Amino acid sequence: MKNKMTIKFDSVSQNECFARNVIASFILPLNPSVSDLSDVKTAVSEAVTNSIVHGYPDCVGEVTMTAEICDRDLHIIITDSGIGIDDVDKALEPFFTTKPDDERSGMGFTIIKTFMDEVKVVSKVNSGTKIEMIKTISKQAV
Ligand SMILES: Nc1ncnc2c1ncn2[C@@H]1O[C@H](COP(=O)(O)OP(=O)(O)O)[C@@H](O)[C@H]1O
Ligand SMILES: [Mg+2]
């Protein structure tokens, strides 16, 4: 089975919920296990929240989510054209956050890396951030 889709949306907080529901609907035909469905929704939420909160701290910008299914492999790319990250390795460390006063735990990227099989972050200051994630989706037991 092969399928792909792209959505573009504003960096407003209600679109975190929108994006997680879109990805859930998109992978539903794979009959995913409850745990895989939950992992993917959480990873998308974290990545989209990062674009909204960190990518565009002072303005509303555009966030793009592309998802592709090839057999049971799910490939997701989330991009923004926001402020970017100057040290990606540091940003990926557990508990690292640039917004400690803002109820941020610094665990977003760590959660994404735990829940997805492969994660790659590419970013450029004043240009934007792209996060790619891959996960093989297991079937729900019957
Ligand atoms: N899309 C993004 N644009 C700019 N900076 C980002 C983006 N995503 C993550 N970051 C940076 O990486 C840090 C770590 O992200 P994360 O692990 O999700 O923790 P948190 O969101 O709790 O700060 C953030 O504090 C921020 O500085
Ligand atoms: Mg985060």
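May I ask you to list the residues in the stretch 38-53 that are touching a residue at least 60 places away in the same chain (Cβ under 8 Å) and open to solvent by 10 Å² or more (accessible area, probe 1.4 Å)?
Quick first cut of the stretch 38-53, residues touching a residue at least 60 places away in the same chain (Cβ under 8 Å) only: 39-40, 42-43, 46-47, 50-51.
Matches in the stretch 38-53: Asp39, Thr42, Glu46, Asn50.
If only one of Ser11, Ser25, Ser38 is touching a Cys at 6+ places or on another chain (Cβ under 9 Å) and small (Gly, Ala, Ser), which one is it?
Details: Ser25 fails: touching a Cys at 6+ places or on another chain (Cβ under 9 Å); Ser38 fails: touching a Cys at 6+ places or on another chain (Cβ under 9 Å).
The conditions single out Ser11.
If you go through the stretch 87-129 one residue at a time, how many are near ligand 1 (Cβ under 9 Å from one of its atoms), under 17 Å from the mean Cα position of the chain (by Cα) and open to solvent by 80 Å² or more (accessible area, probe 1.4 Å)?
Looking only at that region, the number is 2.
The values are calculated or read from the model by the stated rules, or taken from the named source; none is laboratory data. If you're wondering where the values come from, they're calculated on a predicted model, not measured in any experiment. In this analysis, Cβ positions are derived from the backbone assuming ideal geometry, glycine residues included, and neighbour counts consider all displayed protein chains. The accessibility values were calculated without ligands, DNA or RNA, using every heavy atom of the protein model including side chains. Shrake-Rupley method; radii C 1.70, N 1.55, O 1.52, S 1.80 Å.
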